[in-house]
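Peer 1: Dropping a structure here in structure tokens format, bear with me for questions.
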Amino acid sequence: MKLSFVVTLLIATGISMYGQAMPRMNTVDPTSGKKGDVVAVMGENLDKDNVAKVFLTDGKNDTPVEVTEQTATTIKFKIPAAKAGRLALMILTTGKEPKYIEQPVKLTIEE
């Protein structure tokens with residue numbers, strides 16, 4: 001009983017110290033597309049309170065995308081003019097100390 005209380009207390013403390021839910025992208029649909037196509041990314045904590053901007057990145061160049069719809073579980077965006085290839089998605093979090101976080105999902109840009 002004491003152990004479960006301690007674990008619960010530690011989790012609550014960690015959440016309150018961070019003060020914000022951590023956004024995470026899990027899947028992208030479709031997994032490839034061309035400039036102008038609309039792509040949906042699913043995950044958790046993706047609403048405007050947690051995610052300020054979304055980018056496509058090759059690790060050197062970050063290209064902002066135009067978000068067309070944003071909820072807690074889905075972000076839809078138009079594929080921008082970007083170099084063809086397999087790019088990672090990256091977000092800029094909101095809050096007092098915004099952070100760029102590369103996500104574990106990739107999108108293939110076709111020519």
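The values are calculated or read from the model by the stated rules, or taken from the named source; none is laboratory data. These numbers were taken from a predicted model, which means no experiment stands behind them. For neighbour counting, all protein chains shown are included, and Cβ atoms are generated from backbone atoms with ideal geometry for every residue, glycine included. Accessible surface is based on the protein model in full, side chains and every heavy atom, while ligands, DNA and RNA are left aside. Shrake-Rupley method; radii C 1.70, N 1.55, O 1.52, S 1.80 Å.
Peer 1: Students often get this wrong, so check it: of 35/96; 35/76; 76/96; 48/83; 53/78, which have C-alpha atoms separated by over 22 Å?
Peer 2: Over 22 Å apart, Cα to Cα: 35/96; 76/96; 48/83.
Peer 1: Then there's this: Residue 24 versus residue 69, label points 7 Å from Cα toward the beta carbon: distance in nm?
Peer 2: Simple spin-label model gives 2.4 nm for this pair.
Peer 1: Leaving out ligands and nucleic acids, note down the accessible area per residue over segment 52-111 with a 1.4 angstrom probe, in whole Å².
Peer 2: Accessible area per residue, segment 52-111: 59 Å².
Peer 1: Could you go through segment 29-35 in sequence order and give the Karplus-derived ³J(HN,Hα) for each residue, using 6.51 cos²θ - 1.76 cosθ + 1.60 with θ = phi - 60°, rounded to whole Hz, and x for Gly and Pro?
Peer 2: With coefficients 6.51, -1.76 and 1.60, one gets 9, x, 7, 8, x, 10, 3 Hz.
Peer 1: With every protein chain left in place, what is the accessible area of residue 62 in Å² (1.4 Å probe, nearest 10)?
Peer 2: 80
Peer 1: Another question about this same structure. Test of understanding: extend the Cα→C-beta vector of residue 61 to 7 Å, then name every residue of segment 94-111 with backbone N under 18 Å from that spot.
Peer 2: Inside the label zone: 107-111.
Peer 1: Please list the non-local residues whose amide H lies under 5 Å from the amide H of residue 52, H modeled 1.01 Å from N, same-chain partners needing a gap of 5 or more.
Peer 2: The list, which skips near neighbours in sequence, is 92, 93, 94.
Peer 1: Here's something else I'd like to know. Which translational diffusion coefficient, to the nearest whole µm²/s, is obtained for segment 19-111 from the Stokes-Einstein equation, given a Kirkwood hydrodynamic radius over C-alpha pairs, 10 °C and 1.306 mPa s?
Peer 2: 123
Peer 1: Output wanted: per-residue J couplings in Hz (rounded whole) for segment 42-50, from phi through Karplus 6.51 cos²θ - 1.76 cosθ + 1.60, θ = phi - 60°, x for Gly and Pro.
Peer 2: Ordered by residue, 3J(HN,Hα) equals 10, x, 9, 6, 9, 5, 5, 6, 10 Hz.
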